[in-house]
Amino acid sequence: MTMDVEKEIAAANRRVQRQIDRDARAALIRIGVDPDAEALASYIESMTALAVAFGEALASLGEMAATTIRTVAEALDGLKEEAT
């Protein structure tokens, strides 16, 4: 198959997919489903999950930092006691 034929097939596939998308959107609207609201709800749900995961990661980092600081402080106290 030549490059031109492959490009034409790909372009035709994109046109068909766009038509399918338009028809599906129209069908959803006819049955009372707002595709934009569904997409927005899905986006909000994804962003909420991302924010929760980010918060949990920050909390873990805070705990690790506190543990490290505590360990260093205890080690320094041990060295101070040995020196005296």
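Numbers at a glance
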quantity: Exposure rank, largest accessible area first [Ile69, Ile29; 1.4 Å]; calculated: Ile69, Ile29
quantity: Environment charge of Ile69, counting only residues whose C-beta is closer than 15 Å and scoring Lys/Arg +1, Asp/Glu -1; calculated: -2
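The values are calculated or read from the model by the stated rules, or taken from the named source; none is laboratory data. No experiment lies behind these values; they were computed from the predicted model shown. Don't worry about glycine lacking a Cβ; one is built from the backbone with ideal geometry, like all the others, and counts go over all protein chains shown. Note: areas computed on protein heavy atoms with side chains; ligands, DNA, RNA excluded. Shrake-Rupley method; radii C 1.70, N 1.55, O 1.52, S 1.80 Å.
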